[in-house]
Amino acid sequence: MKLNYNPNFPSIDDLRARARQRIPRFAFEYLDGGCNEDVNLLKNTYELREVELKPQYLSRHLGSDLKTELFGQVYDAPFGIAPVGLQGLMWPNAPEILAKAAMAHNIPFLLSTVTTSSIERISKITEGKFWFQLYHPADNALRDDILDRAESAGCKVLVLLSDVPTFGYRPRDIRNGLAMPPKMTLRNMLQIMGKPNWAIQTLLYGQPNFATMEKYMPKGLDMKQLGVYMNQTFAGRMNEEKIAPIRDRWKGKIVLKGVASEEDTARAIRLGIDGIIVSNHGGRQLDAGQSSIRSLAPIVQKYAGRIKIMLDSGIRSGPDVARALASGAEFTFLGRSFMYGVAALGKAGGDHTISILKTQLKQVMEQICCERVGDFPQYLVP
């Protein structure tokens, strides 16, 4: 098999280990951690990997194709780059690196409201072919201004985030005094001094900030102040009353992300939402919740064919993508895997990670004799 990636880092675990060596501890722990005791973070991947596939070796097989149609667009693989907050904290210029890689590989790039590149910058890189995830502001005027910017930038798919009604309780970030830009405590300064590549790149690109939100927010918030600001600014808990006016004004597709129940799926269908992403925010919000793969099963059983059903949280590798698709997800998103890649390899990280995932997924399809992405459920071990 021809390798399209650096053979020194052939797995996501290799990239994670390398990322840990290359970036300050406060940045790695923000990326790698969940909330409270990390129970749901660990369950996400562990329970996904309990899913088994059944090969059909003697069936007629003409080859495997990763191409996937979603909302009228044919993508080259059934996975996209999930939104991650504070990306430039983990590696300078990370959103731009990943957006360029997504364009080169023809997969979706989903920009977060609270990451370190602006709507306008990502629109330029992707020629408007990006998705945007909205943290719903408490203030409707702020909401409308952000939506106007996304529409003007050419965004066709708007993702409404439903699973952050409160700011997650994350002990590592509290201990690290996480802030944007990074708070210069003695501990953090020593961490930065120990990671010269990260420090040099940060100097070259400038301190990271919330680029989309920059014009709306105060400067230099520490972790406590950031928590207060987030809770105050994005205290607009997502509900049917909040979604309806957005559905009325937004001309493109709308996806609801953070769905974890049949009840919310039914509400999304009633509101005319085009798709859902079954997700628990990567285990970063509700430690006592179900894993994303456990939430997926009853939703697929009841609502498959009535709304586009996608999955994120816990997916790390090509085989994980295969497990999710076999379980009924029509598309998948990965966040941490791509950030490990960029933190490990810088500018080459996005292309490298996508190449690994494509190669792994294609190998699984060839192994079980699955020709099309939509055929994966046929190979699920009940």
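Nothing in this text is a laboratory measurement; each read-out follows from the coordinates by a stated rule. Keep in mind that this is a model prediction, so the values were computed, not measured. Positions of Cβ are generated from backbone atoms using ideal geometry, with glycine treated the same way; all protein chains shown enter the neighbour counts.
If you place +1 on the Cβ of every Lys and Arg, -1 on the Cβ of every Asp and Glu, and leave all else neutral, what size is the dipole of the chain about its Cα centre, to the nearest 20 Debye? Let's see the in-between values first.
Numbers: 48 positive and 39 negative charges, 132 e Å.
Roughly 640 debye, rounded to the nearest 20.
Per-residue Cβ neighbour counts within 10 Å put H352, H105 in the sequence H105, H352, beginning with the fewest. Each residue in S292, S117, S59 was given a count of other beta-carbon atoms within 10 angstrom of its own, and listing them fewest first yields S59, S117, S292.
For the chain, what does -39500 (n - 2.57) per DSSP helix run (n ≥ 4), summed and divided by total residues, give at 222 nm, in deg cm²/dmol to the nearest 500?
Working: 17 runs with 171 residues, N = 382.
Value at 222 nm, helices only: -13000 deg cm²/dmol.
Listed here are the pairs K129/K195; K124/K219; K100/K253; K43/K302; which of them are more than 29 Å apart at the Cα? Flagged as over cut-off: K129/K195.
On the basis of the beta-carbon distance and an R0 of 41 Å, K124 and Y46 show a calculated FRET efficiency of 0.55.
Apply the a/c threshold of 1.5 to the C-alpha gyration tensor of segment 89-215 and tell me whether it is rounded, prolate or oblate. All intermediate terms of the calculation are to be shown ahead of the outcome.
Details: a/c = 2.23, a/b = 1.38, b/c = 1.61.
Oblate shape, in that a/c is at least 1.5 and b/c is the bigger or equal ratio.
Round to the nearest 0.05 the FRET efficiency obtained for A304 and A17 when R0 = 45 Å and r is the Cβ-Cβ distance. That gives a FRET efficiency of 0.75.
Residue ranges 260-268, 15-23, 189-197 sort as 15-23, 260-268, 189-197 when ordered by packing (mean number of other C-beta atoms within 10 Å per residue, highest first). GNM on the chain, alpha-carbon springs under 10 angstrom: the most fluctuating residue among E96, E47, E241 is E241.
Projecting the Cα atoms of G128, A104, Q87 onto the dipole axis of segment 30-153, where Lys and Arg carry +1 and Asp and Glu carry -1 at the beta carbon, places A104 farthest toward the positive end.
Please label the shape of the chain as rounded, prolate or oblate, based on the square roots a ≥ b ≥ c of the eigenvalues of the alpha-carbon gyration tensor (a/c under 1.5 means rounded; beyond that, a/b larger than b/c means prolate, else oblate). Taking the square roots of the gyration eigenvalues as a ≥ b ≥ c, the chain is oblate. Estimated at 0.36 nm per residue, the fully extended path between Q225 and Y169 surpasses their Cα-Cα distance by 18.8 nm. Across G258, G318, G305, mean-square fluctuation computed from a Gaussian network of the chain (C-alpha pairs under 10 Å connected) peaks at G305.
Among T115, T166, the order by Cβ neighbours within 10 angstrom, fewest to most, reads T166, T115.
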